[in-house]
Amino acid sequence: MAKVISIVTHKGGTLKTSIATNVAGVLSQKKNSSKAFSRKNRVLIVDTDGQGNVGMSFGFIPEKQFETNVYSVLVENYPIQDCITKAYKSIDILGSNTYMIRFELDMLTKTDLPKKDYFNIIKKALEPIKDEYDYILIDTPPSLGLLVGNVLNASDEVIIPYSPEPYSVQSVKTIISQIESFQEKMNPDLKIKGIVGTLVDSRTTLHSELLSECRKYALKENITFYDTVIPKTIRFSNSIAYDGLPATLVDKKNKLVQSYYDLVDEMNL
């Protein structure tokens with residue numbers, strides 16, 4: 001059964017989609033030796049952000065090519081198997097588009113949905129296909145509402161991106177507090193897998209200082225802060241623009257792209 005890993009923070013512009021798609025690229029190239037026969041991992045990326053950036057990372061135009069999508073599954077009760085799109089070899093995606101912007105309002109006004117099920121929508125939707133994948137990665141919007149609560153309830157582990165900017169450490173403290181509160185009330189099996197430094201410019205003193213500050217906080221809270229950081233570079237966006245694929249699928253020998261391979265190794269995935 002697939003391990004479900006979500007990428008969550010309430011701040012925008014922290015590389016959530018880049019982590020989801022590039023980690024998927026790395027995982028899809030690794031063999032799963034735990035199976036009776038050796039084969040490469042099968043990965044599903046679920047996009048719950050109305051911007052549809054996961055689909056665009058694989059060259060899709062979400063508004064035109066995802067007539068059935070994550071909204072169709074969660075709100076309109078379409079079978080999830082009918083809404084999944086093959087993106088690349090052993091990577092599938094459950095795409096998103098602007099319909100997902102309406103998710104919370106549409107769900108909260110559904111009169112036939114028992115209140116006890118409000119945070120089980122995504123979890124129930126994934127059940128029929130969990131045996132078909134080794135990993136399910138969930139990309140999320142920058143919020144902490146009903147949608148992200150659903151994602152956390154469906155997840156085994158959560159990764160928190162951290163971009164070293166002024167006030168970002170406080171932002172990490174906020175999201176960790178919210179996740180721990182959710183663990184206690186809804187999903188006691190949920191684990192914070194770790195914090196990943198993103199958009200890091202190692203040449204700047206400020207970034208080094210802020211990374212150090214966040215590492216100290218993570219150590220105090222007994223939370224992993226990965227040694228591997230994702231550098232600030234245009235290589236990842238160029239890969240999408242010119243190749244229509246995440247960089248880990250087209251340029252793995254690039255030193256900057258290698259950071260995602262190092263990250264996956266450090267995560268023991």
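The values are calculated or read from the model by the stated rules, or taken from the named source; none is laboratory data. In this text, all values refer to a predicted model and were calculated from it rather than measured experimentally. Note that each Cβ is placed from the backbone with ideal geometry, even for glycine, and that neighbours are counted across all protein chains shown. Side chains are part of the model used for accessible areas, which takes the heavy atoms of the whole protein and leaves out ligands, DNA and RNA. Shrake-Rupley method; radii C 1.70, N 1.55, O 1.52, S 1.80 Å.
Which of rounded, prolate, oblate describes the range 124-269, given a ≥ b ≥ c as roots of the alpha-carbon gyration tensor eigenvalues and a/c under 1.5 marking rounded, otherwise prolate only if a/b is larger than b/c?
oblate
Suppose only helical runs count, i.e. DSSP H with n ≥ 4. What mean residue ellipticity at 222 nm does that imply for the chain under -39500 (n - 2.57) per run, divided by all residues and rounded to the nearest 500 deg cm²/dmol?
Rounded to the nearest 500, it is -10500 deg cm²/dmol.
Heavy atoms only, 1.4 Å probe, whole protein assembly: order R102, R203, R215 by accessible area, highest first. It would help to have the intermediate numbers written out before the result.
On the way: R102 110, R203 205, R215 75 Å².
Ranked list, largest accessible area first: R203, R102, R215.
Using a probe radius of 1.4 Å on heavy atoms only, what accessible surface per residue do you get for the chain? Whole Å² is fine.
Value returned for the chain: 48 Å² of accessible area per residue.
Report, in listed order, any pair from K3/K255; K31/K130; K130/K193; K123/K220; K3/K185; K89/K252 with a Cα-Cα distance greater than 25 Å. Can you show the working numbers first?
Numbers: K3/K255 28 Å; K31/K130 18 Å; K130/K193 20 Å; K123/K220 32 Å; K3/K185 21 Å; K89/K252 16 Å.
From the list (K3/K255; K31/K130; K130/K193; K123/K220; K3/K185; K89/K252), the Cα-Cα distance tops 25 Å for K3/K255; K123/K220.
Taking 8 Å as the Cα distance limit and 6 or more residues as the minimum spacing, I'd like the relative contact order of the range 3-259 as a percentage. Intermediate values should be presented prior to the final figure.
On the way: 457 pairs, mean separation 64.5, N = 257.
RCO, the range 3-259: 25 percent.
What translational D, rounded to a whole number of µm²/s, comes out for the chain from Stokes-Einstein when the hydrodynamic radius is the Kirkwood one over Cα pairs, at 4 °C and 1.567 mPa s?
69 µm²/s
Please report, as a whole percent, how much of the solvent-accessible surface of the chain comes from carbon and sulfur atoms (probe radius 1.4 Å).
On the way: 6390 of 12810 Å².
The computed percentage sits at 50.
Grab the beta carbon distance between L256 and S208, set R0 = 22 Å, and tell me the FRET efficiency rounded to 0.05.
Using R0 = 22 Å, I get an efficiency of 0.75.
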